[in-house]
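Q: Sharing a structure with you now.
Values in this text are rule-based calculations from the coordinates and carry no lab data. Keep in mind that what you see is a predicted model, and the values were worked out from it rather than measured. As a convention, Cβ positions derive from the backbone with ideal geometry for all residues, glycine included, and neighbour counts pool all protein chains shown.
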Amino acid sequence: MRIQRARDFKDMSRKAANILSAQVILDRRSVLGLATGSSPTGVYRQLIDWHGKGDIDFSECVTVNLDEYYGLGPDSDQSYSWFMRKNFFESVNIKPENTHLPNGLEKDAKKECQRYEDMIRCLGGIDIQLLGLGLNGHIGFNEPGAAFEADTHLVTLTQSTIDANKRFFEKEEDVPRKAYTMGIRTIMHAKRILVIVSGESKAEIAKRAFFGPITPEIPASVLQLHNNVTVVGDEAALSLILEEALA
Ligand code: F6R
């Protein structure tokens, strides 16, 4: 695991965008695993900026997102599908048919999870998976206690995740209680993983996840077992991690 220290959110975003753009430049048909939330917004802005300057071309790229709320479709402005369009897809030359998220409107969870896993397999797997880190150590919506061997599945969100996500909704009752998420196994099969962490509130969990015991209680700790992980964190998020541990 390589850990890169960035000055602040903007620097973290630029460093992470550099890694993603290197992937796309080396292989224009890359399969990019993407995330939503606050952490990647600066990465997407930076990629849009470079795309606008002609430095990066997404026309052959394929994307697969980590997760989607159960019950929300692409027309809902709270859906992750909407988020991805507004924060990234609409501003670059990626083909809409090459962007994939779980279908939150599919009620048959078994069918939808199988479809998503099959699709990722048919694409040849994920070349690089971008991840944010939840305050409780979740990755995707794999909450504490999630089985390491799980593929894409339907989860019931924990109260801590509902609390963390309610900032995006008008009322807490509006936060969906379930979501489709890639499982830990799906994430661990990505050829490369890029984790971004920002802010003081993530300092404790970053230390525990990347330097503590590997346990389902902290889902992100499993990343210590992957052989190609880069963590890019800002000063605040890495403040509890010793200098010697940094790349
Ligand atoms: C988002 C996702 C989540 C977030 C995590 C961190 O697609 O799967 O695991 O990455 O909750 O969220 P932020 O970046 O908002 O702190």
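Q: So, in nm, how far is label K111 from label L242 when the simple model puts each one 7 Å beyond its Cα toward the Cβ?
A: My value for the distance between the label points is 5.5 nm.
Q: What does the stretch 14-147 give for Rg and for Dmax, in Å, if only its C-alpha atoms count?
A: That works out to 14.7, 44 Å for Rg and Dmax.
Q: Per the Cauchy relation, a quarter of the hull surface: what is the mean projected area of the convex hull of the alpha carbons in the stretch 179-247, in nm²?
A: 5.1 nm²
Q: Extension gain H226-E200, at 0.36 nm per residue separation less the Cα-Cα distance, in nm?
A: Working it through step by step, the gained length comes to 6.8 nm.
Q: Something else now. Stretch I162-F211 to full length: gain in nm at 0.36 nm per residue minus the Cα-Cα span?
A: 15.0 nm
Q: Related question: Consider just the alpha-carbon atoms of the stretch 76-179 and return their Rg together with their Dmax, both in angstrom.
A: 14.7, 40
Q: Still on this structure: Please identify every one of the trypsin sites (Lys or Arg not before Pro) in the stretch 85-128 that sits in a loop by DSSP and has no more than 11 other beta carbons within 10 Å of its own beta carbon. Walk me through the numbers on the way to the answer.
A: Numbers: sites: R85, K86, K107, K110, K111, R115, R121; in loops: K107.
Answer in residue order: K107.
Q: Another question about this same structure. Using +1 on the beta carbon of Lys and Arg, -1 on that of Asp and Glu, and nothing else charged, what's the dipole of the stretch 99-154 about the Cα centre, debye to 20?
A: 100 debye
Q: Hey, another quick one. So who's got an amide H within less than 5 Å of the one on Q129, skipping anything under 5 residues away but keeping other chains? H placed 1.01 Å off N, in plane.
A: Amide H to amide H, under 5 Å and 5 or more residues apart or across chains, Q129 pairs with G33, R192, I193, L194.
Q: Does the chain come out rounded, prolate or oblate by the C-alpha gyration tensor, with a ≥ b ≥ c the root eigenvalues, rounded set by a/c under 1.5 and, if not, prolate when a/b is larger than b/c and oblate if not?
A: Here the chain falls in the rounded category.
Q: Hey, what did the stretch 107-247 get for relative contact order, percent, Cα under 8 Å, at least 6 apart?
A: 29 percent
Q: Right, next: Using a Förster radius of 30 Å, what is the FRET efficiency between E170 and R7 based on their Cβ-Cβ separation? Nearest 0.05, please.
A: It comes out at approximately 0.30.
Q: Let me ask another. Please give the FRET efficiency for R85 paired with D151, using the beta carbon to beta carbon distance and R0 = 25 Å, rounded to the nearest 0.05.
A: On the way: r = 26 Å, r/R0 = 1.04.
Plugging the Cβ-Cβ distance into 1/(1 + (r/R0)^6) gives 0.45.
Q: When the Karplus curve 6.51 cos²θ - 1.76 cosθ + 1.60 is applied with θ = phi - 60°, which whole-Hz ³J(HN,Hα) does each residue of the stretch 220-236 get, with x for Gly and Pro?
A: Result, ordered by residue: 5, 5, 4, 5, 4, 8, 8, 8, 9, 10, 10, 10, 10, x, 7, 3, 5 Hz.
Q: Please work out how much length the chain gains when fully extended from M119 to N18, using 0.36 nm per residue of separation minus the C-alpha to C-alpha distance, in nm with one decimal. Present the calculation step by step, with values, prior to reporting the outcome.
A: Values: separation 101, 0.36 × 101 = 36.36 nm, distance 2.69 nm.
My answer for the length gained is 33.7 nm.
Q: Taking every alpha carbon pair in the stretch 8-50, what does the distance histogram look like in 10 angstrom bins from 0, in percent?
A: P(r) over the stretch 8-50, rounded to whole percents: 29, 58, 13, 0.
Q: Moving on. Which helices of the chain meet both criteria: a Cα extent of 18 Å or more along the helical axis and a mean Kyte-Doolittle score no lower than -1.0, with helices taken as whole DSSP H segments? Each step should come with its number before you reach the end.
A: Values: long enough: 9-26 (26 Å, 0.36); 109-122 (19 Å, -1.35).
Length and hydropathy pass: 9-26.
Q: Rg (Å, one decimal) plus Dmax (Å, integer) for the alpha carbons of the stretch 107-240?
A: Final numbers for Rg and Dmax: 15.0, 44 Å.
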